[in-house]
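Structure first, then comments.
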Amino acid sequence: MKYALIGCGRISVNHIAAAKANGLEIVAISDIKPEKMQEKKEQFDLGDTTKSYADYREMLAKEKPELVAICTESGEHARIALDCIDAGCNLIIEKPIALSLADADKIIKKAKERGVKVSTSHQNRFNRSIQKIREAVEAGRFGRMLYGTAHIRWRRDENYYKQASWRGTWEEDGGALMNQCIHNIDLLRWMMGNEIVKVVGMTDRLSHPYIDCEDMGIALVKFKNGGYGIIEGTTDIYPKNLEETLYLFGDRGTVKAGGTSVNRIEEWQFADGLDNGEKVKEEFHENPPNVYGFGHTPLYADMIEAIENNRDPYVTAEDGRRALELVLAIYKSAAEGKSVEIPLGNVSTMDFAGRFGERQKSAMRP
């Protein structure tokens with residue numbers, strides 16, 4: 001299967017590695033910075049058969065890839081995705097799927113019209129730990145789901161934001177919830193039944209005056225099934241990433257996933273006694289080298305199979321939209337100082353531009 005990648009930044013290495021691991025023919029990579037493309041070609045020994053394009057539209061026209069991964073800044077995801085769909089390409093879109101619900105809806109609508117598959121890169125759904133927990137959810141082992149919590153306690157310093165000027169902007173990124181925390185927010189909504197009634201949120205910019213957006217967010221979520229969710233996300237932790245955890249509490253089960261990227265089951269108790277909690281914790285205990293985890297390779301395997309068998313991917317564009325909607329709901333609630341109901345109308349990150357005042361531009365650029 002012919003594969004191409006658009007955007008050769010920080011996350012692209014995980015995508016290229018996953019493409020190679022799944023035997024895809026990497027026909028091209030694209031980036032507006034030639035040095036980034038050359039760096040990735042050398043890093044992965046791609047050779048002359050992998051072409052480099054500054055213009056992704058030219059790449060689409062000449063190479064006609066069957067599967068494309070979009071790994072650009074978040075604000076460009078929707079525009080590029082629509083061009084790729086017009087070219088008949090199946091897509092893996094890095095999170096978030098877009099920065100507005102209107103753009104997410106355009107992607108979903110056009111993909112259906114053109115008959116192509118779109119997957120959002122919420123790769124933590126493929127963690128062995130998360131798959132084990134999902135199995136318990138689908139089997140009804142938790143009983144009545146009471147509430148769940150998602151905690152993302154990470155650090156991003158000024159150097160991180162200096163590496164790319166789009167980071168931390170409303171136009172191209174969003175803040176901690178949209179960028180760093182959306183994976184765990186996705187897991188919480190998925191595990192708790194997806195359907196949400198109401199969201200109450202608070203956000204702030206506590207220690208990053210050189211970005212536009214929030215570096216801390218807290219939210220309460222009321223699910224349609226009667227359960228509740230609690231979200232706590234921040235990039236303010238000193239001196240380094242501390243943890244990413246997901247708790248699920250039912251009237252017949254308690255589970256905690258933790259570690260670098262919820263790769264470890266750290267609590268496993270069920271009233272049905274079907275398995276040994278200590279053995280489960282021992283078996284589902286991975287230690288990935290970074291917060292990206294091991295999920296990209298199985299996500300790619302699933303997407304390839306979905307294309308070949310004409311089925312939906314395990315993580316759909318609609319799933320990406322749900323995660324986006326929840327983050328935007330928190331932003332809207334925080335900005336308006338009141339609860340908001342789901343479904344949202346057409347909300348975008350740009351609706352909140354200027355909320356925390358001017359950033360210290362001199363700290364970001366020489």
(request) Starting from the Cα of LYS62, step 7 Å along the direction of its Cβ; do the same at GLU25; then give the gap between the two resulting points in nm. (result) 1.7
(message) For Cα pairs less than 8 Å apart in space and 6+ apart in sequence, what is the mean separation divided by the residue count of segment 1-152, i.e. the relative contact order in percent?
(response) 19
(message) With θ taken as phi - 60° and the coefficients 6.51, -1.76 and 1.60, list the Karplus ³J(HN,Hα) couplings across segment 64-70 in order, rounded to whole Hz; mark glycine and proline as x.
(response) 6, x, 7, 9, 10, 10, 9
(message) With a cut-off of 8 Å between alpha carbons and a minimum separation of six or more residues, what is the relative contact order of the chain in percent?
(response) 20
(request) Report the percentage of all Cα-Cα pairs in segment 162-225 whose separation exceeds 13 Å, rounded to a whole percent. (result) 67
(request) Within segment 195-251, list the trypsin sites (Lys or Arg not before Pro) lying in a DSSP loop whose Cβ has at most 13 other Cβ atoms in a 10 Å radius. (result) LYS224, LYS240
(message) Can you tally the net charge around LEU82? Count Lys and Arg as +1, Asp and Glu as -1, for every other residue whose Cβ sits under 12 Å from the Cβ of LEU82.
(response) 0
(request) Could you give the size of the charge dipole of segment 190-304 about its Cα centre, using +1 on the Cβ of each K and R and -1 on the Cβ of each D and E, expressed in debye and rounded to the nearest 20? (result) 260
(message) Cα atoms only: what Rg and Dmax, in Å, come out for segment 36-160?
(response) 18.7, 56
(message) Going through the cross-link list LYS33/LYS106; LYS112/LYS281; LYS109/LYS256; LYS33/LYS117; LYS36/LYS240; LYS132/LYS332, which pairs have a Cα-Cα distance over 32 Å in this structure?
(response) LYS112/LYS281; LYS109/LYS256; LYS132/LYS332
(request) Kindly state, to the nearest 0.05, the FRET efficiency for ALA335 paired with GLN131, given R0 = 51 Å and r defined as their beta-carbon distance. (result) 0.90
(message) Over 23 Å apart: what share of the alpha carbon pairs of segment 219-366 falls there, rounded to a whole percent?
(response) 60
(message) Students often check this: by mean Cβ neighbours within 10 Å, which of 27-35, 78-86, 176-184, 315-323 ranks highest, and how do the rest follow?
(response) 176-184, 315-323, 78-86, 27-35
(request) Choose one of ALA335, ALA21, GLN180: the residue whose Cα lies farthest towards the positive end of the charge dipole of the chain (beta-carbon charges +1 Lys, Arg; -1 Asp, Glu; about the Cα centre). (result) ALA335
(message) Using only the Cα atoms of segment 1-105, what semi-axes does the equivalent ellipsoid have when each is the square root of 5 times a gyration tensor eigenvalue? Give whole Å, largest first.
(response) 21, 14, 13
(request) For segment 87-189, run through the chymotrypsin sites (Phe, Trp or Tyr not before Pro) and keep only the ones in DSSP coil with at most 16 other Cβ atoms within 10 Å of their Cβ. (result) TRP166
(request) Starting from the Cα of LYS112, move 7 Å in the Cα-to-Cβ direction to define the label point; list residues of segment 305-328 whose amide nitrogen is under 13 Å from there. (result) 317-319
(request) Give me the distance between the Cα centres of segment 219-283 and segment 22-80, rounded to whole Å. (result) 37
(request) Calculate one ³J(HN,Hα) per residue across segment 128-143 by plugging θ = phi - 60° into the Karplus curve 6.51 cos²θ - 1.76 cosθ + 1.60, and present them in order as whole Hz with x for glycine and proline. (result) 4, 5, 5, 4, 5, 5, 4, 4, 5, 4, 5, 7, x, 5, 6, x
(request) Quick one: dipole size for segment 50-162, taken about the Cα centre, charges +1 on Lys/Arg Cβ and -1 on Asp/Glu Cβ, in debye to the nearest 20. (result) 580
(request) For the chain, give the share of DSSP beta bridges that are antiparallel, in percent and rounded to the nearest 5; count only bridges with both residues there. (result) 60
(message) 7 Å from Cα along Cα→Cβ at both ILE32 and ASN346: what's the point-to-point distance in nm?
(response) 2.5
(request) Over every pair of different alpha-carbon atoms in segment 312-356, take the mean of 1/r and invert it; report that Kirkwood radius in Å. (result) 11.5
(message) Could you give the length gained by full extension between GLU243 and GLN43, i.e. 0.36 nm per residue of separation minus their alpha carbon distance, to one decimal place?
(response) 69.1 nm
(request) With a bin width of 20 angstrom, please list the P(r) values of the chain as percents of all Cα-Cα pairs, from the 0 bin to the one holding the largest distance. (result) 30, 59, 11, 0
(request) Hand me the trypsin sites (Lys or Arg not before Pro) from segment 135-171 located in a DSSP loop with no more than 15 other Cβ atoms within 10 Å, in residue order please. (result) ARG144
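Readers should treat all values here as calculations from the given coordinates under stated rules, not as data from a laboratory. Fair warning: this is a prediction, and the values are worked out from it, not measured in the lab. Backbone-built Cβ (ideal geometry, glycine too); neighbour counts: all protein chains shown.
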